[in-house]
Amino acid sequence: MSFAVLGGLLLNIGAYFTYKGKIYQAVIVYLFADVCWIIMAYEKDDYVGSIFIIIGTALGFLAYLKMRSGEMNKTLNKKEHDL
């Protein structure tokens with residue numbers, strides 16, 4: 001199984017978790033899919049692409065940590081009229 005196929009399967013699983021409202025689980029699955037994309041880009045000698053994917057993955061992981069700690073709680077729970 002290639003990293004592209006594995007990453008695609010993980011993206012589908014992450015999308016399913018998102019659809020079901022399990023955001024934390026979806027983010028974890030998406031991060032594992034990102035690891036597949038990093039490996040795939042590195043194997044194809046796409047070092048610039050690898051760097052961009054690593055930066056995006058790091059930012060996604062930081063957002064996950066911020067959500068888990070509750071710092072994003074207000075933003076996630078605001079009603080539409082509060083925006």
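Put simply, of Ala41, Ala26 the only residue that is crowded, with 18+ Cβ neighbours inside 10 Å and more than 25 Å from Arg68 (Cα to Cα) is Ala41.
Of the residues making up the range 3-21, those that are open to solvent by less than 60 Å² (accessible area, probe 1.4 Å) and either in a loop (DSSP other than H, G, I, E, B) or modelled with pLDDT under 85 (or both) number 2.
The values are calculated or read from the model by the stated rules, or taken from the named source; none is laboratory data. All figures in this text were calculated on a predicted structure; none of them were measured in a lab. Every residue, glycine among them, receives a Cβ derived from its backbone with ideal geometry; neighbour counts consider all protein chains shown. Please note that ligands, DNA and RNA were not included when accessible areas were found on the heavy atoms of the full protein model with its side chains. Shrake-Rupley method; radii C 1.70, N 1.55, O 1.52, S 1.80 Å.
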